[in-house]
Amino acid sequence: MFSKDQSAQLKQSFWTTFGQYIAPHQSAEGMRINWVNYKTGIKYLNFKMHVDKKSAYIAIEMSHPDPGMQELIFEEFAAFKNMLHTSLEEEWDWELHTTDENYKTVSRIVKTLSDVSIFKESDWPQLISFLKPRLIALDEFWCDAKDGFDTFK
């Protein structure tokens with residue numbers, strides 16, 4: 001068991017390490033990018049990475065406070081589903097109106113990796129290998145698809 005400070009330090013160390021591994025990669029548009037805090041340019045639409053003591057996930061998260069708006073954005077992603085899954089080279093799970101870790105209603109398109117822990121440094125290579133290519137693929141998808149979401153800006 002880790003103290004609160006140790007836990008925070010390990011989490012910070014993981015995200016710093018992840019940032020160092022992904023920093024050399026430019027965005028699909030050839031620009032430098034803050035990968036760990038990826039900006040889609042649309043309020044309430046985020047590419048979210050989460051790692052805890054049991055699992056990790058990467059997601060396209062729609063967190064608009066109006067569930068109807070979440071559903072509209074979700075439906076727009078459904079129109080791009082083939083392009084998204086081609087970019088990702090895998091199928092992800094589609095979750096309309098689920099609850100996040102803060103008990104807020106969100107909608108997600110998500111891929112999960114189970115049985116890993118941010119608190120086990122021996123799991124970090126597996127976590128980085130899981131997150132990095134998927135985030136790069138999301139960026140490539142977003143570069144091609146973002147104009148289709150302009151109505152949500």
* Say whether the condition of being more than 30 Å from Leu10 (Cβ to Cβ) and without any contact (Cβ under 8 Å) to a residue 12 or more places away in the chain is met by at least one residue in the range 35-54. => no
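Can you name the residue in the range 119-153 that is in contact with a Lys or Arg (Cβ under 9 Å, 6 or more places away or on another chain) and part of a helix (DSSP H, G or I) and, of all such residues, is surrounded by the fewest Cβ atoms within 10 Å (Cβ to Cβ)?
Just the residues of the range 119-153 that are in contact with a Lys or Arg (Cβ under 9 Å, 6 or more places away or on another chain), to begin with: 119-120, 130, 134, 152-153.
After this cut, where a residue has to be part of a helix (DSSP H, G or I) as well, the list is 130, 134, 152.
Numbers: Phe130: 20, Arg134: 22, Phe152: 17.
Restricting to residues being in contact with a Lys or Arg (Cβ under 9 Å, 6 or more places away or on another chain) and part of a helix (DSSP H, G or I), the top hit is Phe152.
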* Would the range 4-16 turn up any residue that is more than 24 Å from Ser122 (Cα to Cα), among the aliphatic types (A, V, I, L, M) and surrounded by 14 or more Cβ atoms within 10 Å (Cβ to Cβ)? -> no
* Structure fact -> The number of residues in the range 89-118 that are of a type in the set (Val, Ile, Thr), touching a helix residue (DSSP H, G or I) at 6+ places or on another chain (Cβ under 9 Å), assigned to a strand (DSSP E or B) and over 20 Å from Tyr38 (Cβ atoms) is 1
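For the range 103-127: of the residues being among the hydroxyl-bearing types (Ser, Thr, Tyr) and out of contact with any Pro (no Cβ under 9 Å at 6 or more places or on another chain), which is modelled with the lowest pLDDT?
So in the range 103-127, the residues among the hydroxyl-bearing types (Ser, Thr, Tyr) come out as 103, 105, 107, 112, 114, 117, 122.
This time we only want the ones that are out of contact with any Pro (no Cβ under 9 Å at 6 or more places or on another chain), so: 103, 112, 114, 117, 122.
Values: Tyr103: 94, Thr112: 98, Ser114: 98, Ser117: 97, Ser122: 97.
By that ranking, first place goes to Tyr103.
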* Asked: Within the range 52-63, can one find any residue that is of a type in the set (Lys, Arg), surrounded by fewer than 20 Cβ atoms within 10 Å (Cβ to Cβ) and farther than 23 Å from Trp142 by Cα?
  -> yes
* **The lone exception for Ile58 - which of (1) touching a strand residue (DSSP E or B) at 6+ places or on another chain (Cβ under 7 Å); (2) in contact (Cβ under 8 Å) with a residue 60 or more places away in the chain; (3) farther than 20 Å from Ser7 by Cβ; (4) not in a strand (DSSP E or B) it fails** => (4)
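The values are calculated or read from the model by the stated rules, or taken from the named source; none is laboratory data. These numbers were taken from a predicted model, which means no experiment stands behind them. With ideal geometry, Cβ positions are generated from the backbone for all residues, glycine too; neighbour counts draw on all protein chains shown.
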